[in-house]
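Where a number appears in this text, it was derived from the coordinates with a stated rule and is not lab data. Predicted model only: the values in this text are computed from it and were never measured. Counting neighbours? That spans all protein chains shown, and the Cβs are built from the backbone with ideal geometry, glycine included.
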Amino acid sequence: MKISLRTLPLEEQSFSQDFEDVTFSGTVRKKRDSIAFLSANIVGKVLLTCDRCAEEFEEAINEKQEMLISDGIFNGSDESYDIIEAENGLIDFELILQSELNLFRGDYHYCAACADKN
């Protein structure tokens, strides 16, 4: 699902995006001319690979995400939120979700059998 950041109203707009066995849902609203604020939850099950034995396993995910989305290059900084630069002025919820899942998968994860060995 994609929406134009330029036409986004100041009022919160609900969205929901599914990918694999995960749902990314919440609200997005325009904060300033070229900045939107997104507040959402990522809920579902993620297929992971154990970093100790290399077996695949599923793990539940339930994470709250808050971020700013910039229409193009963001000049400045914001220590409170992550900032995503929207390509061509479009907020691409599937791309944001895939990116967040890749960050989650990049952490160390252990299956139940290996976690019990610690």
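Using a 10 Å cut-off around each Cβ, can you sort 1, 67 from fewest to most neighbouring Cβ atoms? Before the final figure, lay out each step's value.
Values: 1 12, 67 18.
Neighbour counts put them in this order, fewest first: 1, 67.
Ordering of 98-107, 83-92 by packing is 83-92, 98-107, highest average first (other Cβ atoms within 10 Å, averaged per residue).
Principal axis extents of the Cα atoms in the chain, from largest to smallest and rounded to whole angstrom, are 52, 27, 21.
Under 25 Å between C-alpha atoms is the cut-off here; go through the chain and count lysine pairs that meet it, provided they're at least eight residues apart or on different chains.
Step by step, the pairs that qualify in the chain add up to 8.
Please compute the net charge surrounding residue 15, taking Lys and Arg as +1 and Asp and Glu as -1 over other residues with Cβ under 12 Å from its Cβ. Its environment carries a net charge of -2. Taking amide H atoms as placed 1.01 Å from N in the peptide plane, the amide H of residue 86 lies under 5 Å from those of 70, 71, 72, each 5 or more residues away in sequence or on another chain.
Helical content alone sets the calculated 222 nm signal of the chain at -4000 deg cm²/dmol, taking -39,500 (n - 2.57) per DSSP H segment of four or more residues and averaging over every residue.
Between the beta carbons of residue 33 and residue 104, assuming R0 = 30 Å, the FRET efficiency works out to 0.40 to the nearest 0.05.
Applying the Karplus relation 6.51 cos²θ - 1.76 cosθ + 1.60 with θ = phi - 60° to the range 40-47 yields 3J(HN,Hα) values of 8, 10, 10, 9, x, 10, 10, 7 Hz, where x marks Gly and Pro.
When the dipole is taken about the Cα centre of the chain, and only Lys, Arg (+1) and Asp, Glu (-1) are charged at their Cβ, what size is it in debye, to the nearest 20? Please list the in-between numbers first.
Details: 11 positive and 24 negative charges, 67 e Å.
Here the size comes out at about 320 debye.
Percent of C-alpha pairs per 5 Å bin in the range 62-118, short distances first: 4, 14, 20, 19, 15, 9, 6, 6, 5, 2.
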